[in-house]
Amino acid sequence: MYNKTIYTSPLNTRYTSKEMSYIFSEENKFRLWRKLWVALAEAQMEMGLNITREQVEELKKYQDDINYEMAEAREREVRHDVMAHVYAYGQQCKKAQPIIHLGATSCYVTDNSELMMIYDALRLIKAGVLNVMQKLRNFALRYKDTPTLGLTHLQPAQLTTVGKRACLWLHDLLMDYESIEHVLSDFKLRGLKGTTGTQASFMQLFDGDEKKVKQLEQKVIEKLSFKKAFPVTGQTYSRKFDYNVLSVLSQVGQSAYKFSNDIRILQSRKEIEEPFEKSQIGSSAMAYKRNPMRCERMGALARYLISLPINASITASTQWFERTLDDSANRRIILAEAFLSCDAVLRLYNNVAESLVVYSKQIQKHVEEELPFMVTETILMECVKRGEDRQALHERIRVLSMQAASNLKEKGEKNNLIELIKQDEAFKAIHNELDQLLDAKRFTGRACGQVVEFIEENIDPILTANRSVLNKKTEISL
């Protein structure tokens, strides 16, 4: 239960997962700080500095036993969070106290811990994307040959299939997955760079031996289970990296936003709708309503997420020389909220994609309303193949189409174009074939084949390679 007398972010109380919320929690941050101090001390000991195994073991003993009250009291006194936690750690580790944070600047713990959080959070986002991909993959195959109206400009165009349309959503997520993989595959920590990025303090510790300083950095990186550090930094790693990460999250938001809008429109057409629970209330006034609440919420959160990279770009643009501190307060908010928002969006996306409701008869009804107009070119060609005059028939179809459109729009009647053609002697050569020509599946092109090819060649290999994170059922709390 959270404290209702103070503002608490709804991202935590309503939308995001406990796993993502923990990654950006104070507890995780400060545990990472201590993990970084242990890695530094142990690597320095192994490189021959005057640090004992006893001191390192003492640091490890208290690594997860954080004395928060002491750290908070010290921070109120010195106005420096890192030094407050160095002090609190030292009060527990009396023997190790002199060597905690040796040669390091604050950004050794702040930047490296933030990058470690970003890495873990990106892996969680990747898992969320993969689970949506799995659900849309199954949906696309199930409805791969179900004809539906393709809409361009939100107007009826040629036919497609329900499954092929789902592949458009799936392809967007494939692009997002590839962007996430690109960032993760070349992920770097800040490493040991010192106050202005020159490693001067470590050069002093090792009497100017550059090789040993480089070895120390690599040792620390590997103890933290990473492979590389940024080759150069100022006091901080380049904040352009934050922009790159938030841009990847924005891409996920864009994909989800498009999906949510498409489903909301389809739900208004009574063709496909998001899940609606047995006791769910759609409207306080209109008891019959089934509002697309999940997709609306998905769009709302995605809109916020999509807006965040511009903030990160401004921060990156205004970092003076080796660093300025006006990034700090901003990044405390934006990094966490970007990931929490993306996580919340994916939870909704997973929940909706898992239980989409398809009304095939309604889809068929809409196809039948428009299909007569779409088959006129085919009718024309079939008549010409039997020796009829194309220009004369084109004029007849134009006239009959206008009449049928008038019946449909102005009188509210059904589309009777085919009946009008059946009654017109100009088309008697194909009267007996008209019903066969009206098979909707004749007009979906390669949609069905494209679904199968796309999934077999592009989606299944990725899902197979990541099967350990799949098959996650997602519940939304509120």
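None of the figures in this text is laboratory data; all of them are computed from the coordinates on show. No experiment lies behind these values; they were computed from the predicted model shown. Cβ: placed from backbone, ideal geometry, glycine included. Neighbour counts: every protein chain shown.
Worth pointing out:
- Ranked by how many other beta carbons lie within 10 Å on average, peptides 350-359, 101-110 from highest: 101-110, 350-359
- If the segment from ARG446 to LYS473 were pulled out straight at 0.36 nm per residue, it would be longer than the present Cα-Cα gap by 6.5 nm.
- When the convex hull of its Cα atoms is projected in every direction, mean area for region 376-437 (nm²): 3.9
- Between amide H atoms placed 1.01 Å from N, distances below 5 Å from LEU189 occur with LYS228, ALA229, PHE230, all of them 5 or more places distant or on a separate chain.
- For region 143-284, the relative contact order works out to 19 percent when only alpha carbon pairs closer than 8 Å and six or more residues apart are counted.
- Using a Förster distance of 56 Å, the FRET efficiency for THR52-ASN3 (Cβ separation, nearest 0.05): 0.80
- Packing-based exposure ordering (other Cβ within 10 Å, fewest first) of VAL452, VAL162: VAL452, VAL162
- For GLN199, the residues whose modelled amide H falls within less than 5 Å of its own, excluding neighbours fewer than 5 places apart on the same chain, are GLY194.
- Net length gained if the chain between ASP209 and THR152 were fully extended (0.36 nm per residue, minus Cα distance): 13.9 nm
- Highest-first arrangement of 87-99, 126-138, where packing means the average Cβ count within 10 Å: 126-138, 87-99
- Extension gain, ALA200-SER317: 0.36 nm per intervening residue step, less the Cα-Cα distance, totals 39.5 nm.
- Rounded to 0.05, the FRET efficiency of the ARG123 and ILE310 pair, given R0 = 22 Å and the Cβ-Cβ distance, is 0.30.
- Length-normalised contact order of the chain in % [C-alpha pairs under 8 Å, at least 6 apart]: 20
- Amide H contacts of LEU159 (H built 1.01 Å from N, under 5 Å, at least 5 apart or other chain): GLY150
- Ranked by the mean number of other Cβ atoms within 10 Å of their residues, highest first, the peptides 307-314, 237-244 fall in the order 237-244, 307-314.
- Karplus 3J(HN,Hα) series, Hz, for region 223-234 with 6.51 cos²θ - 1.76 cosθ + 1.60 (x for Gly, Pro): 5, 8, 6, 10, 10, 9, 10, 4, x, 9, 8, x
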